[in-house]
Every structure is written in structure tokens, then in C-alpha cells.
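Since every read-out is calculated from the coordinates, none of them should be taken as a lab result. Here the structure is a predicted model, which means the values were calculated and not measured. Glycine gets a Cβ as well: all are built from the backbone with ideal geometry, and neighbour counts include every protein chain shown.
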Amino acid sequence: MVKNLIHIIILSFLAMSSATLYSQTSADKPNIVLIYIDDLGYGDIGVNGAIGVKTPNIDKLAENGINFTDAHSAAATCTPSRYSLLTGSYAFRKEAEILEGDAPLLIDTTIRTLPGMLKDAGYKTGVVGKWHLGLGNGNVDWNTRVSPGPAEVGFDYSFLIPATGDRVPTVFLENQYVANLDPKDPITVRYGKAIEGGYPTGREHPELLKQYTDNYHLSAITNGISRIGNMKGGTDALWVDEEIPFVLNDKATAFIEDNKEQPFFLFYSFHDIHQPRVANVKFIESSTMGPRGDVIAQMDWSVGAIVDKLEKSGLLNNTIIIFTSDNGPILDDGYVDYARELVGEHKPGGAYKGSKYSVFEAGTRMPTILHWPAKVKPGTSNALLSQVDLYASFAALTHQKLKKNEAPDSENHWNAWIGKSSKARTFMLEEGYTYALRKGDFKYIQPKKDATIPQWIRLKYVDPGFSTVPQLYNLKLDPGETKNLSEAHPEIVKEMENRLSKILKNK
Ligand code: NG6
Ligand code: CA
């Protein structure tokens, strides 16, 4: 009898402590869904002043979460930004640049990464969507497991667009195998020379095209769209651009469903807004800006579907959703989709100067929202933040100690991310074919000895921000970076240049 009583007491004590343990785990280990849009500008969402397109689902996240007004991608192009986000180190350290579709994996597989660190904290990790960080070791054989890739840098699950929508191979990779590949129709990819028996090219067969392009996108035609690079085979595996959002959403929701019993980190990396912009028929003419606006509306729909999935699974309350973009907006980026002509009053970069590829503010100042109903009070924040900081900030949240040299440029600003503080970075680097440094209201842009603008950027009607003289702007008084104050404030220029050289010297 007494023995039984003791038994019952011990059992109920054990049950109590495991319940506490469980609730502790879920409090410090909320799910994390990082929604990473491609080429979406600060002003492209309703809450930030979009005119040409409605984004009700994103606006709702902002209204119930924190809308950041001064949060940045680490760079003004895709690969460098993603590299910094996943490694916590600046892209220049790795000389990261926009990669071709057959480039080797850029991330060193011997270092810990953001997903690897979260995995150590007990998370299941997945990436769905655009990768563009390289795959394999060079000379990829697309007909077998492509490695190293996401699994070798900390992702338990992956479903990828290997590079960009405008680069071959135009197939998905699931856990590093081409999805739906018929082994009797193997894939060959080649950048540069044509492949005998490969897909027709836009250069030779413009009559097959849905959209005309510049000279750089005139190789393999798949689904009526010519791309960068040549390709042969894999007919059954080719994606249909108009279906990409649905395919990715299905994979992202399946990942959530499969992992709902434990904390998970989902890096949902959209292709939308990047060219080629071919919206699903469901979204055609859903904006007044032509294809670029239509794919923004399409992307907003996808965001809504993910939020809905989390809500229906009972997970929304304790899931951190971060919504942001990899680099600033661009109108004409190669395909003739009339983005430039149709934009009207809508300002893709908001009040800011520049665009994708540019070191001016619109290149890296990203629409950025953090939504976490369980812990975060709705509001706006002007904290100065960089995506490179998510690494150390998530490490702090999940109590992971960073090793020496791990995520060397990442700063823990967790309190700023959750709106408890508006103080974050003192200095912040912006990379975009040259370097800029932010401090308080000031922004310094390093002069470039050779300030020649590459021909292919010049063609895009963008101002990359290069100059042979130093530039200094007061963003509070002059958010549009129009008045160069470098001559008026030589002491600030000196301080900023010293600081910047120090950062850059640690290459
Ligand atoms: C550029 C492409 C551009 C786009 C970009 C990648 C040329 C001339 N331009 O090199 O069309 O694909 O790369 O965009 O090839 S990003 O968002 O992935 O960085
Ligand atoms: Ca991009």
C-alpha cells in the first residue's frame, strides 16, 4: 500500500517535471519560418506604401507583428545576401558573387551554419525554394545525388530551385535528387558553349518565346522562356514557371505538417518577384503594374496560405515568422515584361534611392516583419539591423553558444528583433559592388578608384552608387541620398573610412 503510494507520488512527480520541461522547450524553441522573397523592394508592400498592388496577407502580418523600417539584407544581390544570412559572415570574406547554375557550393561544409546551429538546438530544418548558393564541387552530375548541398550545411530537408528562375537547369531538386527525372532522359547542363541536341535557344528561335529578353538570357528555352545557360534532357522534370508557387507552397506546408510535433526551422525562399515574371493565370491582372505587380500579388497569396497552414495546425501563436527579401527591387532585369513602363506612381524602393545591385539604400533596405503572437507586441521599429545578425540572435534565443570564429560578423540583437529595444547596430556594412557603412543617421559610401559601371548593370537603368569621391549622407534629413556632405564633415568621413577599412582588412 505504502509502496504503491510512493510509486504514485514518484510517477506524478515525473509527469509534472516532464510537462514543465515540455513547456520550457516550446517557450524557448518556437518554430521559425523565414519567408525570404526575391527582389522585393521596401515600398512593394501595402504597409510600406505600395500603390500598384495590394498585399493584404503581408500587411496583416505587419499589423500583428513588428514592421522594421531600417532592416537590411547584407548585400544588394542574392548570393551574397544568402551567404551572409546562413553563415553570419560578410559576403566579401568569401568573395561571394551572383552564381551561375552550375557553380560549386559556396558554403564551407566544415563550418557551422544557421540551420546547423538550430539543428544542434533541437530543430528540424528545411529549405524550400530558391537556393543560389551553388551545389556540388564543380562538374555536377544532375542524374545522381547532387552533393555537397543543403544537407551538408545543416538542412534535414530540401526542395530547391537550384539557382534562379532564369538559369538552367530548370528543374527542382528534392533532397538533392532532380525531382521526376526519367533516367532514360538524362540531364546535361553547360554554361558557355551550346550542347548538341540541347533545348533550342532564344537566340536562334525567338519565335518560340513568351517574353523577349536582353542578350544575356538567350540560351536554352524551356516552357517558352529562354534562360542563361544551355541544357539537354530531363524533359519530364522541367518546371512550369506558372506552377512554381503552388509546387513550393505544397512542399512548405508538407514540411510544416511533417514536423509539427517538434520545433522546426523552415527557410522558405521564394522565387517570386525575380524574373522571369510569369504569374499563374489566377493572378494575371491582379495588380495595375503588369507581371511584376501580378507576381507580388501571387507571392502575397502564398504567404497567406502558409500563415493559414500554421493557424490550422495550431502553431501560429508560437511560430516566429520573419518576412523579408534578399535585395532591392529591379524593374528591367533582362526580360521584356514592361515592369519599367507600367510602374506608374508605385515606388518599389519606397522613399529610397537605388535598387538591386546598388549601394544606395534601396539596394539593401528591405521590407522586414517579425510576427510572433505569443511574445511580440505589434508595432514598428526603426532599429538598425542586418540579416547577418539573425544567426547570433537566434543563437541567443535558443541558448546556443557560438564558438570562436563562428558567424564572425553576426551580432546578437534579439531584443531589437522582438521589439524590446530600438537600439541595435552601431555600425552596419552594406555590400553592393562597393561598400557603404551606416552609423546613426549617417551613411558613408567608399569611393571606388575604378568607378566604371559594368555594361550589364548600365543596361538596367540603375544607379549603382559608385563614385570616385567619398560620399556621406544624413539619412534622417535626406533619405533619398541627394546631398553629399563629405566636404562639410571630413571628420565623420575619416571615422567611417577608418572603421570600414578595419572591417574590410579582416578578409
Ligand atoms: C544577373 C543577371 C540577372 C539576374 C541576376 C541574379 C545578367 C546580365 N543578369 O547576372 O538577370 O539573374 O544575375 O539575380 O546575366 S539575383 O537576385 O539572384 O541576384
Ligand atoms: Ca534577388
Self-check item: Amide hydrogen neighbours beyond the local backbone of Ile320, cut-off 5 Å, H modeled
Solution: Asn31, Ile32, Val33
Exercise. Would you please give the FRET efficiency between Lys449 and Ser313, computed as 1/(1 + (r/R0)^6) with r the Cβ-Cβ distance and R0 = 56 Å, to the nearest 0.05?
Key: 0.55
Quiz prompt | Ratio Rg/Rh [Cα only; Rh per Kirkwood] for region 191-232 | solution = 0.91
Quiz item: For Arg458 and Asp182 in one chain, what is 0.36 nm times their gap in residues minus the Cα-Cα distance, to one decimal in nm?
Solution: 95.2 nm
Quiz prompt | HN-Hα J in Hz across region 165-176 - Karplus 6.51, -1.76, 1.60, θ = phi - 60°, x for Gly and Pro | solution = x, 9, 10, 7, x, 8, 9, 8, 10, 10, 6, 6
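Do the alpha carbons of any pairs in Lys54/Lys347; Lys353/Lys502; Lys29/Lys60; Lys448/Lys476; Lys130/Lys375; Lys60/Lys130 sit beyond 20 Å of each other, and which pairs? Write out the running numbers ahead of the final one.
Details: Lys54/Lys347 13 Å; Lys353/Lys502 27 Å; Lys29/Lys60 24 Å; Lys448/Lys476 25 Å; Lys130/Lys375 30 Å; Lys60/Lys130 25 Å.
Distance filter (> 20 Å) returns Lys353/Lys502; Lys29/Lys60; Lys448/Lys476; Lys130/Lys375; Lys60/Lys130.
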Quiz item: Given H placed 1.01 Å from N in the peptide plane, which residues other than close sequence neighbours of Thr368 have an amide H under 5 Å from its amide H?
Solution: Phe68
Quiz prompt | Cα-based convex hull volume of region 433-505 per residue, rounded to whole Å³ | solution = 94 Å³
Quiz item: To the nearest Å, what is the center-to-center distance of region 153-180 and region 98-147, using C-alpha atoms only?
Solution: 10 Å
Quiz prompt | Value of [θ]222 nm, deg cm²/dmol, for the chain, DSSP H segments ≥ 4, -39500 (n - 2.57) each, nearest 500 | solution = -7500 deg cm²/dmol
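Which value, in debye to the nearest 20, describes the size of the charge dipole of the chain about its Cα centre when Lys and Arg Cβ atoms bear +1, Asp and Glu Cβ atoms bear -1, and nothing else is charged? Walk me through the intermediate numbers first.
Working: 54 positive and 60 negative charges, 338 e Å.
In total the dipole reaches around 1620 debye.
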Quiz item: From the backbone phi of region 113-119, what are the Karplus-calculated ³J(HN,Hα) couplings (6.51 cos²θ - 1.76 cosθ + 1.60, θ = phi - 60°) in whole Hz, Gly and Pro given as x?
Solution: 10, 4, x, x, 5, 5, 4
Self-check item: Segments 231-239, 158-166, 324-332, 358-366 sorted - mean Cβ within 10 Å per residue, highest first
Solution: 358-366, 324-332, 158-166, 231-239
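For Ala305 and Val336 in the same chain, what is the full-extension length gain: residue separation times 0.36 nm, less their Cα-Cα distance, in nm? Present the calculation step by step, with values, prior to reporting the outcome.
Numbers: separation 31, 0.36 × 31 = 11.16 nm, distance 2.98 nm.
Going from the current span to full extension adds 8.2 nm.
Over 27 Å between Cα atoms, which of Lys251/Lys312; Lys94/Lys356; Lys260/Lys356; Lys94/Lys439 qualify? Working shown, then result.
On the way: Lys251/Lys312 17 Å; Lys94/Lys356 20 Å; Lys260/Lys356 36 Å; Lys94/Lys439 24 Å.
Cα-Cα > 27 Å for Lys260/Lys356; rest within.
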Quiz item: Counting only residues 5 or more places away or on other chains, whose amide H sits under 5 Å from the amide H of Trp131 once H atoms are built in the peptide plane?
Solution: Ile161, Ala163
Quiz item: Efficiency by 1/(1 + (r/R0)^6): what FRET value for Asp120 and Glu261, r their Cβ-Cβ distance, R0 = 25 Å, to the nearest 0.05?
Solution: 0.85
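Let me check I have the definition right: for region 344-490, take the eigenvalues of the Cα gyration tensor, multiply each by 5, take square roots. What are those semi-axes in whole Å, largest first?
Values: eigenvalues 181, 67, 50 Å².
Its equivalent ellipsoid spans semi-axes of 30, 18, 16 Å.
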Quiz prompt | Estimated vicinal HN-Hα couplings, Hz - region 34-47 in sequence order (Karplus 6.51, -1.76, 1.60; Gly, Pro = x) | solution = 9, 8, 10, 8, 9, 6, 8, x, 3, x, 8, 10, x, 5
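Roughly how compact is the chain, stated as its Cα Rg over 2.2 N^0.38 Å to two decimals? Before the final figure, lay out each step's value.
On the way: Rg = 23.3 Å, N = 507, 2.2 N^0.38 = 23.5 Å.
Rg over 2.2 N^0.38 Å, computed on Cα atoms: 0.99.
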Practice problem: Compute the separation of the alpha-carbon centres of region 400-439 and region 271-320 and state it in Å as a whole number. | Solution: 29 Å
Quiz prompt | Length gained when the stretch Glu243-Lys210 is fully extended (0.36 nm per residue, less Cα-Cα span) | solution = 10.3 nm
Practice problem: Just name one of Phe427, Pro150, Leu106: the one whose Cα is farthest towards the positive end of the charge dipole of the chain (beta-carbon charges, Lys/Arg +1, Asp/Glu -1). | Solution: Phe427
